[in-house]
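Trainee: Please see the structure below; I have some questions.
The values are calculated or read from the model by the stated rules, or taken from the named source; none is laboratory data. For clarity, every value in this text was computed on a predicted model and none was experimentally measured. Neighbour counts are summed over all protein chains in view; Cβ atoms, including those assigned to glycine, are modelled from backbone coordinates with ideal geometry. When the accessible area is computed, the model is the full protein with side chains, heavy atoms only, and any ligands, DNA or RNA have been set aside. Shrake-Rupley method; radii C 1.70, N 1.55, O 1.52, S 1.80 Å.
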Amino acid sequence: MSGYNNSPGAKRPESQAIHITPVADNYGAPTAGPSTFNSQDGGQRISRYETSLSLRYDVEAALAYVLGVFSGALLLVLEKKNDYVRFHAWQSSIMSAVVFFALVFTALISSFLYWLVLLAAIAAFGYMARRAYFDGAVFERFALPYVGPLALQFVDEE
């Protein structure tokens, strides 16, 4: 029988003790959460979770779709730190412009078609807001065809 007792009040022998040492970065502070190394910012570590506003990044990304081009443009002006939020703000703005032109075109053709496109657009914006919020947990960018690659290009060029 071994000398180790697994009861809650028993002490482990020194040879089986668990020692946890916090991992520290170059500045001596423990690191927490995913971060990226950005040479353009003087080699500083930037947290993926950090935003310019006091909201969580997934909430900001979902808010980009709430008022279409208005909320997208507002986030593009206010949010400078988080590429995830900026991607969704660009995608929302471009998507809003496409929807606007589709609504104008369909209004000239048929009232029924106009309402059909409007309801589809509202559903699409709701779906995109939901995806932006839930995909934020893994930083997955759900890109729409044609619009998503263009938004990604805009974010990469900044």
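Trainee: Would you mention how many residues in segment 78-117 are closer than 30 Å to ALA137 by Cα, open to solvent by 40 Å² or more (accessible area, probe 1.4 Å) and of a type in the set (A, V, I, L, M)?
Mentor: So the count comes out to 3.
Trainee: Follow-up. Considering GLU158, GLU60, which residue is in contact with a helix residue (DSSP H, G or I) (Cβ under 8 Å, 6 or more places away or on another chain) and in contact (Cβ under 8 Å) with a residue 40 or more places away in the chain?
Mentor: Result of the check over GLU158, GLU60: GLU158.
Trainee: Can you tell which of TYR127, TYR133, TYR114 is free of Cβ contacts under 8 Å to residues at least 24 places away in the same chain, in contact with a helix residue (DSSP H, G or I) (Cβ under 7 Å, 6 or more places away or on another chain), over 20 Å from GLU158 (Cβ atoms) and among the aromatic types (Phe, Trp, Tyr)?
Mentor: TYR114
Trainee: Follow-up question, since we're still on this one. Looking at segment 124-158, which of its residues are within 21 Å of LYS80 (Cβ to Cβ), open to solvent by 70 Å² or more (accessible area, probe 1.4 Å) and in a loop (DSSP other than H, G, I, E, B)?
Mentor: ARG141, GLU158
Trainee: Could you please let me know if ALA121 is surrounded by fewer than 18 Cβ atoms within 10 Å (Cβ to Cβ) and either among the hydrophobic types (A, V, I, L, M, F, W, C) or part of a helix (DSSP H, G or I) (or both)?
Mentor: Judged against the criteria, ALA121 is not a match.
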